[in-house]
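Engineer: Pasting a structure here, questions to come.
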Amino acid sequence: MLVWLLWISVTFIFYGAIFVLPIIISKKTAQYTSAFWDNPFTMIIAPSLAEIPAAMICFYLIDNPRFGRKNLLLYSLTLAAIAYLLCFFTSEFI
């Protein structure tokens, strides 16, 4: 039951971050950028491409005996929670 709840929570947070992050970036950098963030294709693809290095690092660390699956999940979710809280409190959308 706990894994099911964790999976649902992470999925909703992930899709929320993927769709909201480009909006925040475009509003914060409107005076510095051109029409790069105005294209809906780049608004979805650019944040999604950031997952590639993260996936490669996770593939390596899962098999590392120092981390393992449970510890890597604990560390990554804790780091994600801290990052989301920092974004929430430093954002102008509060």
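The values are calculated or read from the model by the stated rules, or taken from the named source; none is laboratory data. Model, not experiment: these values are computed from the prediction. Glycine gets a Cβ as well: all are built from the backbone with ideal geometry, and neighbour counts include every protein chain shown.
Engineer: Among the residues of the stretch 28-39, is any among the β-branched types (Val, Ile, Thr), at pLDDT below 75, at negative phi and not in a helix (DSSP H, G or I)?
Structural biologist: Yes.
Engineer: Separate question: Which residues, counting only those in the stretch 51-94, are outside any helix (DSSP H, G or I) and among the aromatic types (Phe, Trp, Tyr)? Break it down into steps so the answer makes sense when it comes.
Structural biologist: Within the stretch 51-94, the subset outside any helix (DSSP H, G or I) is 63-67, 91-94.
Answer for the stretch 51-94, where residues must be outside any helix (DSSP H, G or I) and among the aromatic types (Phe, Trp, Tyr): Phe67, Phe93.
Engineer: Follow-up. Return only the number of the condition from (1) surrounded by 10 or more Cβ atoms within 10 Å (Cβ to Cβ); (2) at pLDDT 80 or above that Phe14 does not satisfy.
Structural biologist: (2)
Engineer: Still on this model: Just name the residue that is surrounded by the fewest Cβ atoms within 10 Å (Cβ to Cβ) out of those in the stretch 43-83 that are touching a residue at least 12 places away in the same chain (Cβ under 8 Å) and polar (S, T, N, Q).
Structural biologist: Of everything passing the filter in the stretch 43-83, Ser48 is surrounded by the fewest Cβ atoms within 10 Å (Cβ to Cβ).
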